[in-house]
Amino acid sequence: HRICLHLPFQARSFYACMESSIAAHVRIGMTLPRLGLAFLALVTGLGCLNVPTEVSDSANQRGEGKGVLFIGNSYLYVGEIPNMVRALADSAGGEKLAVAMVAGPDFALIDHWIEGTAPRAVDLGGWSWVVLQQGPSSTDLNRDTLRLGTKLFADRIAFVNARTVLFSAWPAENRQEDFPRAIDSYHLAADDVGGIFLPVANAWLAAWKRDANLKLYSDGLHPSDLGSYLSALVTYGVLLEKSPVGLPSKLKLVSGKNVSIDPAVAALLQAAAAEAIAGK
């Protein structure tokens, strides 16, 4: 099992992958005491390189565009959703996004809060938005922890003059009956803090309404390239207040991955994203 350490956009030159058995320390202006299972992932990096992971918080090292910090779990990093969001913004030729991520396997927001890396990443400032995500949170207990975690982060996010954004996570493939409650949970969390709701799960439903055979899952939980592309379309459209319709179906990610969606399928996904955004 690997933990990838990709540092925030202040550290565009470094991008490291390390074995989870190795104790990692990262300096971002000051040394972070530990990362545990979480990793600080910067999507503006160069790829997975076995290099030391050290960075100073210098303003002149920051990437171009408005800063977006994603805080979540494997829903985000397995399909490189933040990378896709950045690539979509780059390809559109308008406003650019400098995108970073703090994520760990199975992490809920409360886990991030207790572990400490994510709050410190928020405190770096320079973000326009901080996107919060955990599992689908359709059960009462998970809904409560989602709302609690969101409230904890929201004050910290507001302190650095950023907006709190909730990324509506989809349920597992064998729990599709949970979509309505999962969507409601993220709506409630966003409403609690006056945040922005990303209707990602809604877009998945809108896509299946157009084609029930779309393979949005890769393994029953994580997104396929189609699912990641659709999720990124929604995120791009909401944050930049632009239509996702007409965006490219082929993307080159900063990790080196090439994403190629059939143009007809891409058009369908763009229409689904636009419908979800309009109805949010």
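Filtered by the rule that a residue be open to solvent by less than 60 Å² (accessible area, probe 1.4 Å) and of a type in the set (F, W, Y), segment 148-177 gives F153, F167, W170.
Selection of segment 92-109 for residues being small (G, A, S), open to solvent by 10 Å² or more (accessible area, probe 1.4 Å) and modelled with pLDDT under 95 yields A92, G93, G94.
Do you know which residues across segment 226-257 are of a type in the set (S, T, Y), touching a residue at least 40 places away in the same chain (Cβ under 8 Å) and open to solvent by 20 Å² or more (accessible area, probe 1.4 Å)?
Result: S255, single match.
Checked against the criteria, A89 does not count as buried (at least 24 other Cβ atoms within 10 Å of the Cβ) and in contact with a His (Cβ under 7 Å, 6 or more places away or on another chain).
Quick check on I183: is it without any contact (Cβ under 8 Å) to a residue 24 or more places away in the chain and surrounded by 16 or more Cβ atoms within 10 Å (Cβ to Cβ)?
Judged against the criteria, I183 is a match.
The values are calculated or read from the model by the stated rules, or taken from the named source; none is laboratory data. Given the structure is predicted, the values throughout are model-derived calculations rather than measurements. Please note: Cβ atoms are built from the backbone with ideal geometry, for glycine as well, and neighbour counts cover all protein chains shown. Only protein heavy atoms, including side chains, enter the accessible area calculation; ligands, DNA and RNA are left aside. Shrake-Rupley method; radii C 1.70, N 1.55, O 1.52, S 1.80 Å.
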